[in-house]
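So the structure is just underneath, and the comments pick up after that.
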Amino acid sequence: MKKNTKTLLSLTFVAMLFAFAATNAVHTLKNTNRLSTDFSQSARENMLFRKSADAIYGTTQQLMGKKGLGGVHFASGSLIERPSAYNEVTVDKNIAEVAEFAKNTDFNVTLAVIPSAFEVMRDSLPYTAYDDRELKIFERLHISLDGTKTMLCDTRSALERHSDEEIYYRTDSHLTSLGSYYVFSELGEALQYG
């Protein structure tokens, strides 16, 4: 009797495992509109219950004392992504393009660079997670555009004044409507929209 019970449980487990795999395969085929050269990445992207699995994994990592996952930091109820590395050559090239554009137009040029949550919400990042890569870009912009006919709108300070509010989505790097409103208001002042 015990042998039959073990066999039945084993077959039930294998059947459930097969059903789960088949359900994921059908789900993947239905939701894949492109050919993927990396099947495992495609399967992971289209896996049933992926969000739940990712949430469980993230919570487990946080309970184990990890400060973040793959460049994303746990920060006071939010996930904040580390921006890409500071590349002086790219920054200088972009500044030169803006300056060239301003030089070749008859209009006043105003540049508004929107900082990421990593810069604005730096006080909520784990200890030692913050570095000043975006601050370097803002300083470089101020120095490079000083004396040109390009005005730099200081959106960073406007957002920092409201950093205790929900100005960035908790699991995303985009501004909320409220954050966008503060940027718009700052830009409106810079452009002298009464």
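For the full complex of protein chains and a 1.4 angstrom probe, list TYR169, TYR193 by accessible area with the highest value first.
TYR193, TYR169
Quick one: length gained pulling THR105 to MET151 fully straight, 0.36 nm per residue minus the C-alpha distance?
This chain segment gains 15.2 nm when fully extended.
Name the residue farthest towards the positive end of the dipole of region 55-194 from the options VAL183, ALA75, THR148, assuming +1 on Cβ of Lys and Arg, -1 on Cβ of Asp and Glu, about the Cα centre.
Checked the options; the winner is ALA75.
What is the P(r) of region 84-181, as percent of Cα-Cα pairs per 10 Å bin from 0?
Here the calculated profile for region 84-181 is 14, 41, 32, 12, 1.
Mind checking the full-extension length gain between THR90 and ALA129? Use 0.36 nm per residue of separation minus the Cα-Cα distance, one decimal, nm.
Result for the pair: 11.7 nm of gain on full extension.
Set the Förster distance to 22 Å, then compute FRET efficiency between VAL72 and GLU97 from the Cβ-Cβ distance, nearest 0.05.
0.15
Would you please classify the overall shape of region 136-194 from the alpha carbon gyration tensor, given that a ≥ b ≥ c denote the square roots of the eigenvalues, rounded means a/c under 1.5, and beyond that prolate means a/b larger than b/c while oblate covers the rest?
In terms of gyration-tensor shape, oblate.
Can you work out the PRE-style zone for SER185? Point 7 Å along Cα to Cβ, and I want the residues of region 129-166 with backbone N under 18 Å.
153-166
The values are calculated or read from the model by the stated rules, or taken from the named source; none is laboratory data. Given the structure is predicted, the values throughout are model-derived calculations rather than measurements. Please note: Cβ atoms are built from the backbone with ideal geometry, for glycine as well, and neighbour counts cover all protein chains shown. Remember, those area values only see protein heavy atoms, side chains included, never the ligands or the DNA or RNA. Shrake-Rupley method; radii C 1.70, N 1.55, O 1.52, S 1.80 Å.
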